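I have placed the structure first, in the form of structure tokens, so that the comments after it can refer back to it.
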Amino acid sequence: MLFAIGDLLLVFANEPLVLVGAVIAGASIPWLLVAFYTLMQRETPQQLIGRVATSAEVLLGGPQTLSIGLGAVFVAIVDYRILLAVMGTLVFGCGIFLVLRRDRPQPVSAAAAVRASSP
């Protein structure tokens, strides 16, 4: 949600707000990545960590690559402030969803994970 707040501050035409927004958004990215990879390592059985890490890289890198191309197209068509506002709003909404959701997934036991991955 910090990234979303920083992103939303980039919409304004006020230099101090944009600088604060850039610092907040930039500082929140390492927190997101460290939290994601720490959770992945803690919840994944040791024998599956390679497969899970590779899948995570594909799931993160693929949409990011696609978004760079689409972003270049959208910036030529739509005002960048509208794109930032939409992106910040969507990310903030996702953060609220994650905070409020009640059905938290339970970690899979190592034995169940091995049985599930065996052919």
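The values are calculated or read from the model by the stated rules, or taken from the named source; none is laboratory data. Owing to the predicted nature of the structure, the values given are computational and were not obtained by experimental measurement. Cβ atoms come from the backbone with ideal geometry, glycine included; neighbour counts cover every protein chain shown. Only protein heavy atoms, including side chains, enter the accessible area calculation; ligands, DNA and RNA are left aside. Shrake-Rupley method; radii C 1.70, N 1.55, O 1.52, S 1.80 Å.
Going through the DSSP H helices of the chain, which span 15 Å or more along their own axis at the Cα atoms while scoring at least 1.6 as a mean Kyte-Doolittle hydropathy?
On the way: long enough: 15-43 (42 Å, 1.17); 49-77 (42 Å, 1.29); 80-100 (30 Å, 2.13).
Helices meeting the span and hydropathy rule in the chain are 80-100.
What accessible area per residue, rounded to a whole number of Å², is obtained for region 1-55 using a probe radius of 1.4 Å?
Working: 3730 Å² over 55 residues.
In whole numbers, region 1-55 has 68 Å² accessible per residue.
Calculate I(q)/I(0) for region 1-94 by the Debye formula, one identical point scatterer on each C-alpha and no solvent, and give its log10 at q = 0.13, 0.21, 0.24, 0.26 Å⁻¹ to two decimals. For the requested q values the scattering log ratios are -0.57, -1.11, -1.23, -1.29. Please report, as a whole percent, how much of the solvent-accessible surface of region 1-111 comes from carbon and sulfur atoms (probe radius 1.4 Å). Looking at region 1-111 in its full context, I get 74 percent from C and S. Note on the chain: GNM, Cα springs under 10 Å; of G69, G95, G21, the largest mean-square fluctuation is that of G69. With a cut-off of at most 11 other beta carbons within 10 Å, and DSSP calling the residue loop, which trypsin sites (Lys or Arg not before Pro) in region 11-111 qualify? Please list them. Loop-located and lightly packed - R101, R102.
Test of understanding: express the Cα radius of gyration of region 1-54 as a ratio to 2.2 N^0.38 Å, with N the residue count.
Details: Rg = 16.1 Å, N = 54, 2.2 N^0.38 = 10.0 Å.
After normalising by residue count via 2.2 N^0.38 Å, the value is 1.61.
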